[in-house]
Structure formats: structure tokens, C-alpha cells
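Encoded as C-alpha cells, the structure appears first; notes follow it.
Each value in this text was obtained by applying a stated rule to the coordinates, not by laboratory testing. On a predicted model such as this, the values are computed, not experimentally measured, just so you know. FYI the Cβ positions are ideal-geometry reconstructions off the backbone, even for glycines, and counts take in every protein chain you see.
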Amino acid sequence: MRNCQLKKARVLSRFLLQVTLLQCLATCVLLASPGKFPPKVITGTVISKEDNQAIQSVNVLVKGTKVGAITDANGSYSLTVPDDNSILVFSFIGFSSQEMLVGKRNRIDVVLEQDVKSMEQVVLVGYGTQRRSDVTGAIGSVTAKDIQDEPGIQVAQALQGKIAGIQISQNSGAPGSGLLIRVRGTGTVNNAEPLYVIDGNLNSNPLDLAPDQIESIQVLKSASAAAIYGAQGANGVILITTKQGKSGKSQLDVNFTQGLQEIQRKFPVTNARQYATIYNEGLVNAGQQPLYPNPDALGEGTDWQKEVFRVAPMTDVSISASGGSESSKFYFSAGYVNQEGILRGSYFDRVNLRINSSHNITPAIRIGQNLSASVAKYKQLSEFSFGSTLGNTLTANPEIPVKTPDGAWGFSPTSLNSVNPLAAIFYSNDNTRRPVLNGNIYADLTILKGLVFRSQYNFNFGYSENSIFTPSYRISASNFNDIANLTENTNRFREYSWANTLTYQKAVGKHTFDVLGGVTIQESFFQSISAFGAGLPANATGNINLRYLDLSTQGNRVGGGAGEWGILSYLGRVNYNYNGKYFTTVNFRVDGSSRFGENNKYGYFPSFSVGWKISEESFLKDKSWVTNLMLRGGWGSLGNQNSLPNYAFATLVTPNINYAFGSEVVRGQAPTGKGNPDLKWEATKETNLGLDFRGFNDKITASVDYYYKQTSDMLLQVPLLQYSGIQQSPYVNGGNVVNKGLELMLGYENTAPTGFDYYVNANMAFNKNKVTQLSNTGTSIFQQLSFIGIMNVTQIGSPIASFYGWKTDGLFQDRAEVQKHATQSTGTSPGDIRFVDVNGDGVINARDQTIIGNPWPKFTYGLNGGVSYKGIDFKLQLQGTYGNDIYMALKFRMEGANFFNKTLNVWENRWTGPGTSNRVPRQSTNDPNNNMRSSEYYVEDGSYMRVRNVQLGYRLPRNLVKLRAARIYASVQNLLTFSKYPGFDPEIGTNRANNPLYIGIDETNYPLPRIYTIGINMGL
Amino acid sequence: MKQITILFFLCFCIAVNGCKKILEKEPLALINSSVAYVTADDARRAVTAAYTPLAGNNWCCTYVSPGYMHWVLGNVASDDTEKGGESGSDQLYAQQVSLFNIPSDNDATRFAWSTEYIGVRRANLVLDNVPKITMDGTLKNRYLAEAKFLRAWYYFNLVKTFGDVPLVLVSELESYTLTRSPKVEVYNQIIKDLTEAIAVLPEASKYPASDRGRATKGAAQAYLGKVYLYMKNYVKAEELFGTVINSGEHALNADYLNLFLRAGETSTEHIFVVTFLNDQGALPANNQISTVMASRARSGWGFNLPTQDFVNAFEPGDPRLWQTVYKSGDVMPDGLVANVGNSTTGYLNKKAYVPEYEKIGGALQPGRDDIHMRLGKVMLWFAEAANENGNTQGALNALNAIRKRARQGNANILPDVTETNKAALRDLIWREQRVEFGQEYERFFELVRQGRAGQVMRAYAAKYNTPKGSGFKDGVNEIFPIPQSEINLSKGVLKQNAGY
């Protein structure tokens, strides 16, 4: 533990090295006295009291001067002091500083003692760092240790359940799938994704970053913390720092993990006999002839889930080297991760390279770079919709054989609509390759004592090339493609940002200032190119070398578009504290954006926060039970420019509104929308109040945060009266959303002298989301699903994207009940769903639709615990949500009467006569009551608790292996899930990357796999 | 240190000087509307865009979706057609229409409203902007006349679907406080637009083949006749239909079935069609309506099922029956044996059937034209108007010409009609209309026009013991509800139709 802390301290030192140095300088300069004796050379060593080991990188400074030295790997130093009255100040992060009067001595050896208070983390706060305990905004932190050895492609997967107030859901279990991330609720109906900043590089995509290259993650939750990111910070900011080299002996680390993945649970569906029975029933109830004369003869039929799901491997291997001298440091890492999908035919793999280095050219000049190159490749299968691969799997008629006796793909001559999902996977070739280069170069110049200029140039560029090949095939009369075709899509992007900042730190007496000012510019460009061709050679089916557009013979068409935006910003910050007791931070940022309309070109984003470190007050200062107690509060204003399309301010002509005359397509065009030159950012204002506690020998940490966040000027496409003929409603700033919530965090950590260490961290976050204004009163934003129709609404007084439809009240048991009830539909019969006549007008119609569910959890929580004894460590992580609903859209096909396979729920619980059921309606293929309209019938409880990760590791003793570190471990990801949700998996994010209003809707999501992993970490 | 300070200011200056470029981004790959009406080509593009809403004919899959779903409002609403599809709830709006259980947010009516007004605006954009363009005067006048024809076409759909509607005649409205104009005002505007279009538009034969699909003089005359028919102005209707029949521009296609196949697309019987191409290379190539109506056993979706009642309406031996509908086991024009999949009536619409040999390049949806006005319709409407005007012989001549074509040389079927009693002849003409242009998007509006929609639909429901049609309320269901969202947006200025 001690070694570990020491190591951590060293790591942290590089952040604080300069800061501390400068602070010392600033403090000491005032106390300097002129010397009278001749200069002399002093040498010595610095060791740690705890383990008597030499400490490297200790600052040794002649008090009141700029003269100083740094200890080498042996803890030795040497410097020239002006006279015998000189005082040497020895300081090192994590240790109490010591002062020594030189006197007559020529050699001064020092033993430094660890300082518990200064052991605290230093955290990134955007364009700078701050001591964790001095932070007055709300920041969530995760270090490399917290996320290590968890299988995952993207870093956010490992963040789940670890930070209060961040809701993370995987959109699907498909390898490389996206995640829904919401910091403190959803503040907008538009883009609500947080801003990622990797090593100061804005907008880099976390999909391209290997999690094991990450040193630490800070999530700027409150507006007062994120305000320095102005018009891009409203959805929260995730600051990621990648690993850097340390001076000293070079190190080599190798990690290897091998996992096996399986489906957590199969979805219970009917077998062939049950399916045929139900379908017959549906036909007979609709007055038609049954299709299957003898359902029992069909037996079990095909278990399609068994056919398409597989046990799939996952491999993650990485090698990293780091090290350096006092002047130059490097970190190098290369890694490869490959995740095969549990659904046959899907995979993701990625190669990552990273080189980070920094060089102290002179004491005043430091330059460095961070560079990452990655190539991701993946094959996707369609998901989320009716007719997707997974949808087809669940709905496929079990009567269909996988293959016919002659080896061809199976189909059913009586049920030609049903797709053979295995054949669909076989013929699906949707491959993407994504090479990306990103990184930055920077220079730090110490101009004057305490005054540092930093210039950092960041870049992201790359492209994704997607190729979709559909071979010619013929499975049945309804399932075929006669002409092979190929689509090639390329999306290029390039982006750069340049930040020039000036920081000045100064302490005067008990006053400490840290001032930042800067100018940043950022520009982003993308271009898409697509090409389609048909009539590829027949043997392209089996020969990928023939899948090129040059071989297409017909139907060629091309398309392409582009867009760009730019931001120019001025930013400033003042951190001030008085006597280490009273803290304040004031941020100010001005953003001009090309996306803003002519009349609102610049946005102004101020914030401030204050903190009172009560533990520094005299009445608590000496109390042993408290190390840190900080009361903090703040207010901030932020923007969300990402919601704005690039050119929404202009009235544009929609090209290619074509029409055919004769035998030619004639190009047409017309303005179809309306620009709005008044457009501006969405504004978020948030008030935050929090309390941090650390005490009882640092065993207990706790924090509480309350926030009230209001988004105003939310960007809406306010519908115009349709008789205007304007199709695309113009964008208007005109909606308000309020999120308020409470975040709790409690941790206990015990280090026992026996070597038995354990910790538990729990976090919990409550959030309430409510739309308080939509600019055009009386309008709501509706979303619909194909077949089902309107099923969610964003309206005043309710949470964003609430589920919408009719309330249900069981089933009609007999005709008298139908007649007694409000009129539903012509043809309503016993066994049909009884919808509630909400407005009591005796008719069930559109006016009875209401809010029937909430996709947002009342609270989310996480629990992380660990035990270690000698070399053995055990880790357990739980994570869950409570109070959210899931809209189980797949019921439309799987529980409505039609020729698709059914859920077992239909077989077991459907109505077949009075008193048989009050839950699942009768089967009738013409469904005159429209039982499958959007109603509470679709809404299920989405609460869940998941055992996310269980890990058992063993650190091999050093005398056994001649290695710096060697650890083997085994883990299970997604071991158990406790939930009432009847579908595959209650973890449902969003299904449509470009529309954040489709939340919590299960349209047959790819289920998350359970992953069994074994791994080894070795360090040399 | 001085150098560093200079460097810092240098960086700062570069950043600030770059700002203009950073903050002013001209749209890429997009044209600003301020330069959209300059050249003759711009005029052509503007007119083309005004035609495009015609191509929207079903919700999900057309290039200009959602569109005016003629198949729902014209066919499914009537006694000729069941909805079909995957299940009862599949395309719910169509089921709601079929049952006359139509909420004010019904999709079919919502999309009919929005699509036709998009068309109106596109026509208005032409009429507002093209006159300013310097170009050939004759062509410019034709473009303007085409726009007037289209505006009339869209308004005709609106008025017959919704009754009174807001009358918008400019492309940019100053405010959105319009009320619904009385039907007669809308009709007067339609008559004005069509009359002005007739004066300018060329005859069909004057257009080169590459302009097939454009509005012609004959099309404008035929629609003007239809408008008068809907207004029960039989004198004007007979006159205009007669003009079309006698123009020499159009003739009945000898082969009825052929008229609906690709080979018949260039027949002079067609007066106004929405053209689609079989070229997959550019939009709008596909007319998905043939997929919408094709068998589920053949990659179709199985909508628009002809009813038994419709089948029964054909006289014994009428060849048009099996040229209009098909059932499992029928041998199709391409030699395939039909399988109607899950059709609940056992029938599918043969007029939308695409034989294998038409599927160029294996496309599932070849660009079959949507036929909206053809001489067959004009002649039977002429017959109806003539009969109402007392021109019995004229009526009989037109009616029997249609029956003669239908007979296709078989003397034993479909004898000439000789009825001279006005009421009896009217019934015979109506029956002939039902079968001659069955499934061609007219039936429901015909029943309403003839004042017998409720009576026919309720009789249908009783006869077949089905909910379909039983919900029809006289005085309500002759027109459809205005979209509720539109009423909400108007803050109640637009009033809903009675009964919705």
C-alpha cells in the first residue's frame, strides 16, 4: 500500500511539479534576506521515513531564490547556496515539506515524512489542475486502478456505476456499440452527449481510445466546473488523461486477457407446435380457415436463438513501455482488442498505438506531444427494428428448418413472410474500417516566476469506410435478391483546435491566486461520399476480391455531402483561496460559433463557486476524526452548441427533388425549410451545493451534492401550420427543461497492519427531469415507431420522451362488459384489451392518450467493493437503476396476432374464453379493437440490479518471478441481473444515434453478453 | 523572455485574425435560397419540384414519403377493398379508415393534408418566382400553366378529402391566421387555375416523348370536367369531357389488361399519370405501390385486398374481373402461378401486379406509372353527365364503347346497354364505373359524390357481417378529419369537421 502510494505520488508529481515549485517561489520571495557569506556547494540524499527508500524528484530549493535542484533516482542532489544563512526547502508531492538551515554543513540528508493531507489527488479541471480537496465544483473521478482489467471496448463501459450522477447504458451488446451517457439527467431533446476531452483534445471519439491507456478520468458534472468549456459543456465534460512516462528506470508492461462470452438469458418464445396453434387461433377468431391442420405434428421445430447465438471469444492484449530521465519522458503503448459477437457474424476489433512524450528543454521550456493511432474494424448486423437480424431471429417461424435436406437454406412454403435469420446473417456483409489519428503537441513556457504560457495544438482526423455487399441469392419466392449490389460509404473528418493559455500563480500572505486566461479556436469538417452499384459478378458471393464497384454493371449512383463549423473562444478563470480555508473559483468563457445565427454570434458563459474548508477552522483543525470537510456551492452558465445543425440559420434549397418525365429523371429543387438568423446555443444554468467529508483516519469518505439545472432556449423545431407547405420546421430557441437531483457517495477503506485490506464505495443519484416550457404552447413533440405509431411525447410538465398511449384496464371477459364500457372500436369483442376512457366522454379515441411510462430512472446506483490479503485481491461491482420503464416495442409482432413467432407469454397467458386471462388479449389476425396500439400493454418495469464485475486476482510474489509485477486474475462480467423485465436485457440505451428521444425502447436490442475472462499482467 | 512574450502575442493575433474565417461558414453542398431562381434551368427545377409530391402514394417507402395515400382514402375506405397487410394493426390508419373509426390524428389524413399543401407551396413558389426569370417566354408560360394545373390538382384532392380548406395562393405567408375557405371558393380557384392552364398548355401530342408525364391541355380539361362533376354541374362536365373525347388526342387501348402493364404506359388512353422509372439510379425511380399491394408470398406486403363484393360486382364472364384481381392458382402474365399469401379476402390487385419480365435488373419495385386519369374514366363520367343532362344517346354511346372494349371480341358477354330510363341508366353507368376503374382510387369519392356512401357501406357491413364500413355516419364520414395537430397549431382558428 505504501509503495503504491509512493508510486501514485510520483505520478502525481508531474502534474504538480511546476505548480508547487512556483507556489514556493512565490511564497519564499517575500521572506528572502540578503546573504553575507560566500557561496558553497551542498550535497545530500533524501529518503522516505516510511521505507527508508530514496525519493526521486524531490525539489530542493534555496528559500527566497530561484536556485534549486531535483533529486535523482538515488535521492541525491547537489546545489550551490549563496551563504550559510540559506534555508533549503525540501518538498515533494505527498510528503510534508521540510526546511533546513544550511549553517556550516556541506552535506544535508533529509528524511521526508508522508503527508496524508497532501496525498489527495490532483484533478484536471479543464486547461489546468487543482487539488481534489480544493475543488469547489462537482467533479467525479476515476483512476486507472478503478477500471483496470474490465473487459470492454470503450472507456465508458467501465464507468458504469462508478460515479454518482452519470447514467450510462449500453445501447446494445453488439461489439463496439455506442453508449447512452447522461450527466445529471437529460437537459435537452437534442444532442445530450457529454463532451469528451482527451489530453486537452476536444471532441475526440472515445471509440478510438483503448481503455488501458487511460491514467485518469474526471467528469465535470456541475456547471460551475464545466463552465470553462462554455458552449460545449452543457451536457457535462469527461476529461480523460492518458498515461505518461515517469523518470527513472524504464518499465515494460504486458497485459493479456482472454474472454468467452455467452448470452445471459434466452428470450422465451413458442415452439413450432405452440406457434401453429396460436396462429390457427388468430385466423379462426378473424373468421378465417386455420392454416395448420395438425399443429402437434410440427413438434418443437427450430430453436432460432440456439442457431444464431454462440459462445464467442474476446481477446485483449497490450504492451506498454514507459520511462525517461529528468529531461525527457516517454510512454508507448500498443494494443489489440478483438470481440466476436455472441450473435453470429458480428465482431469488432481495434489496433491502438500511442506515443506520449515530454521534454524539458530548459527549466523554462517544456514541450511534448500525445499521439494516438487506431484502426477499428467491425461488422454489423441490423438491430433495433422490425425485420432486423435479431428481430427476425425472435419472430422467425419455428416451423422453418435451418436447412432443407438438400442443403439449401430452409423456408416455409406456407409462411413465406418469415425470414430465415441464419440465412440473413450469412448474406449480410456490412463491414466498416475506421482509421483515426489524434493527438496534440504542446509547449509550456515559464515566462516569469509563476507565469506560464501554454500553447497546445490538437488534431483529430480520420475516416470510416463502410462497405455493404448484398450477394445475389434466392431462398424462397419471397426471400431473394437477384442482383448482387454494393454500397461504399466513406465519411471523412478532420478537426483541429488550438488553445493558447496563460496562467499566473501567486501567493501573497494568506492569499493564493491562480489566474488563467486564454484564446482557443476549433474547426471541424466532415465529408461523406457514397456510391452504389449493382450487377456484380455472381461469384462475388464467395470471393471478396470481386466486391468492387468497377465490376458493377448497372444502377450506379453516387452521393455526397459536407459540413463544417468553427468556434472562437476567450476563456478566463480565477482560483483564489484565503488561508486554505475559503475558496472561490470564477470562470468566464466567450464562445463565437459559426453555427450561431448572424444576430447571436457570441455566447457568454460565466460561473462561480465558493468553498469553505470547515476542517481548517480552529474548532475542527485538531479534531482527529476529520481530515477534510468542505462545504461548497456554485452557479454556472453553459451552452450546448452541438444541438445546432451547421447551417440552420440559413434558408437552403433542398436539391434533388426529382421527378420522372418520359424516360428520364429530371432534377428539381425547392426551398423546403426556413432559416433562423436568431439561432443560438441552448443555455443551461445550474446551481450546485455540496459537502465533502474525509475522516476517521481517512477511512471514511463521503460527499453529497444537490443540483438544480435549468436548460433554456432549448432548440426546437417548432412545427408551422402545415398549410404553409414548409416541410422542415424551422429551428427556434424555445424550450425549458429542469433537472434536479441529489448525489450521494460513501466510501470506507480499511488498511489493516495484518495486510488484510478492504474497501467499499457506494454511490447513488436521484434525478428528476421535467419539461417546463415548449415555445409554441399546446404543441408537444411526438415520436413514433413504425407499425405502433405515436408512442412517446415530450410535453410541458413531464419528463423528456415519456411513453405515450392508452391506459389499459385488463381484458373484456364477455360481451356485456364490452357494451357497458366506452365505445372502443367497431368489432371490439371479449378477450380484447379494455382501454381507459381517460376523459370520460364515452368514446375511446385520441383524446384518451396520455403518459403511460417514464424511461428515466428515479435513481441509479453503484456499489464497488474489494478485499485484498497478501497477494490475493477480490473485487465486486454492482450497478443498477430503479424506477424506469421500458417500452417493449417488440410485442407488436411477438404478441399481436400475425404470422410471426410469439413470446411464451402469449402461449401461457392469452385470453381464450371468459375468465381465462386478464393480461394477454385474444389472438385475432384482423384485430378490430387494435389491441396492439400504443398502450400500457407495452410498458414494463425496467429497474434492474446487475452484478457487473466479479474479479479474483493473485499477485505472484517477487521471489517467485523475477518481475517487477506479475498478476493473474479471473473475472466474470454481467454475472447476474436481477430484474422483472421479461425481455433479453433491461439495459436499454437509445436505438437511434441521431435522435435522443428514442430512449428505453426495446426494439429487440442485441443483449449484453456475460463475459468470463482470465488475464495476466506482467511488468518488467 | 521577451521573445516568448512576443510569441504569445503572435499566437493570440493569429487566433483573433482567423476568427472571421472561423465564424463565417458558408453552407457546403447546399444552395442558398436567395440564388435559387435565376436561370431557365432554375425554373425547370422549380417546376419539377412542384410535380414531386404527386409521387408520394404511400407512407413508408416512397422517395417523397409519406404522400397522399390514394389506396387508403380512395380504395380501402370503400366497399371494394380490404386493408390487408401483416395483421389488423399493421398500418393502423388504414384500418381506422376501413372501419370508419377515424381519429383526428389518423396518419392517412394527416399525410394527405401535409403532402397536398407541400404541393401547393411548390406550385406557388413557381408562380411567385419564375415570372422574374429571364428566359424563353413560351416555355415560361407553359411552366406557369403547369404550376396552375398542379395547384388545382392538389386543391381538388384537399377539397374532396376535407371539404373547406385554407386557400393559400402565395409561397410565403406573412402570418398563419387563415381560416378555412368555403368549398365553393376553393372550387372556384381550382376552376380558375385549370381554365388558365387549358389556355396555355399544349396538347399531349405536342409534347416530345421526353416530356411524357407533364400536364397537358387534355389533362386540365379532364380534371376540370371532373371538378364540375363533383360540383354536380353536369352541363359543364359533359362539355369538358366531350372536348377531351373529341380532341383526337386520346383513344381507348384495345387491350384492357395491357393498359396497366409497362407495355401500356405509352398508350394514348392515359391522360394524366405520375411517371416512375425503372432506373434504380436516380430518385424517384421506384413506385413502391406495387410492393405494397403484392403478395406476402412474393416479397410484397399484401395490402389493398379486393373484396368479394367487388368481385361479385362484375357481370358474368366480364374479362375485366381477372384482369383486375387475382387469386391463388391463377396463371399470371409472366406464366407464374399466383399465391396470394395471407390475403384475407383471397384476392389481390392485379392492376398492381408486376410480372417477372418487367423487373429490369431484378428490382422488386419497378417504376410502374401511377395512372390517375385515363379515357376510360372520362368516357364513363361523360356518360353519367350526359345522362343527367338528358343526352341519353350520348351516354349510351360512351358506355357501350367501354363495354365493347371490355368484351374484347367475345360477343356472348357484356351486351350493349339499351336502357333509356334516366335513373336505371344511371345505375348501370355507376355499376360500369365500379368495375371499369375498380381499385383505381376513385370508388370512395365516387360513392360520396353520388350521395350514397353511407347507404352502400352500411349495407356492405350488414351483408358480410363485418365491422368494415359499419361505423359510417352520414353527414360526418363523407369527409375526413383535419389533422388535430393543425387545429392545435392554429390555436383553434381552424375548426374541425363536424363529428370528429
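Tabulated data for the structure shown
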| quantity | calculated |
| --- | --- |
| Mean separation of Cα contacts under 8 Å, 6 or more apart, over the residue count of chain A: relative contact order % | 11 percent |
| Cα-centred dipole magnitude for chain B, charges only on beta-carbon of K, R (+1) and D, E (-1), debye, nearest 20 | 660 debye |
| Order by protection proxy (mean Cβ within 10 Å, highest first), peptides B:75-83, A:892-900, A:661-669 | B:75-83, A:892-900, A:661-669 |
| Label zone at B:Asn412, where the point sits 7 Å out along the Cα-to-Cβ direction: segment B:294-316 residues whose backbone N lies under 18 Å | B:315-316 |
| Peptide A:727-736, shielding by other chains (average Cβ, 10 Å cutoff) | 1 |
| Beta bridges per DSSP with both ends in the protein assembly as shown, % antiparallel, nearest 5 | 95 percent |
| Whole-Hz ³J(HN,Hα) from phi, Karplus 6.51 cos²θ - 1.76 cosθ + 1.60, for segment A:233-248, glycine and proline x | x, 5, 9, x, 10, 10, 9, 10, 10, 8, 5, 10, x, 10, 6, x |
| Radius ratio Rg over Rh of segment A:769-906, counting only Cα atoms, Kirkwood formula for Rh | 1.15 |
| Assigned charges on the beta-carbon of Lys, Arg, Asp, Glu; segment A:615-720 dipole about Cα centre (debye) | 100 debye |
| Principal-axis tilt of helix A:2-29 within chain A, Cα atoms, nearest 10 degrees | 60 degrees |
| Between segment B:456-493 and segment B:113-135, the Cα center-to-center distance that results, in Å | 32 Å |
| Chain A: angle of helix A:272-285 to the longest principal axis, Cα-based, in degrees nearest 10 | 60 degrees |
| Over 49 Å [Cα-Cα, chain A], rounded percent | 31 percent |
| Karplus-derived 3J(HN,Hα), 6.51/-1.76/1.60, for each residue of segment B:296-307, Hz, glycine and proline x | 5, 7, 9, 6, x, 10, x, 9, 6, 8, x, 7 |
| As computed over segment A:590-730, the Cα convex hull volume per residue (Å³) | 162 Å³ |
| Whole-Hz ³J(HN,Hα) from phi, Karplus 6.51 cos²θ - 1.76 cosθ + 1.60, for segment A:699-710, glycine and proline x | 7, 10, 10, 8, 8, 10, 9, 10, 9, 9, 10, 10 |
| Residue mean of other protein chain beta carbons inside 10 Å, B:245-255 | 0 |
| Subset of A:Lys506/A:Lys621; A:Lys104/A:Lys510; B:Lys327/B:Lys468; A:Lys581/A:Lys680; B:Lys232/B:Lys327 violating a 29 Å alpha-carbon distance limit | A:Lys104/A:Lys510; A:Lys581/A:Lys680; B:Lys232/B:Lys327 |
| Average beta-carbon neighbours from other chains, 10 Å sphere, peptide A:930-937 | 2 |
| CD proxy at 222 nm, helix term only [per DSSP H run n ≥ 4: -39500 (n - 2.57); per residue of the protein assembly as shown; nearest 500] | -6000 deg cm²/dmol |
| Cα-based shape type of segment B:175-244, given that a ≥ b ≥ c are square roots of the gyration tensor eigenvalues and the cut on a/c is 1.5 | oblate |
| Hull-based mean projected area of segment A:317-390, where the convex hull spans the alpha carbons, in square nanometres | 7.0 nm² |
| Computed E for A:Thr143/A:Lys601 - FRET, C-beta separation, R0 41 angstrom, nearest 0.05 | 0.50 |
| When chain B is reduced to its Cα atoms, the Kirkwood hydrodynamic radius in Å | 24.3 Å |
| At 0.890 mPa s and 25 °C, Stokes diffusion of segment A:141-295 via Kirkwood alpha-carbon radius, µm² per second | 126 µm²/s |
| Rough spin-label spacing in nm, given labels placed 7 Å along Cα→Cβ, for A:Arg107 and B:Ser210 | 10.0 nm |
| Where the Cα pairs of segment A:333-376 fall when distances are cut into 5 Å bins, in % | 6, 17, 17, 12, 12, 10, 8, 7, 4, 4, 2, 1 |
| Gain in span if fully extended, B:Asp334 to B:Asn258, counting 0.36 nm per residue against the direct Cα distance | 26.1 nm |
| Inter-probe distance in nm under a simple model that places probes 7 Å from Cα toward Cβ, at A:His511 and A:Gln258 | 6.5 nm |
| Rounded, prolate or oblate (a/c below 1.5 giving rounded, otherwise prolate when a/b exceeds b/c) for segment B:229-380 by Cα gyration tensor | oblate |
| Label-point separation in nm, B:Arg452 to A:Ile544, each point 7 Å along Cα→Cβ | 6.7 nm |
| Principal-axis tilt of helix B:137-162 within chain B, Cα atoms, nearest 10 degrees | 60 degrees |
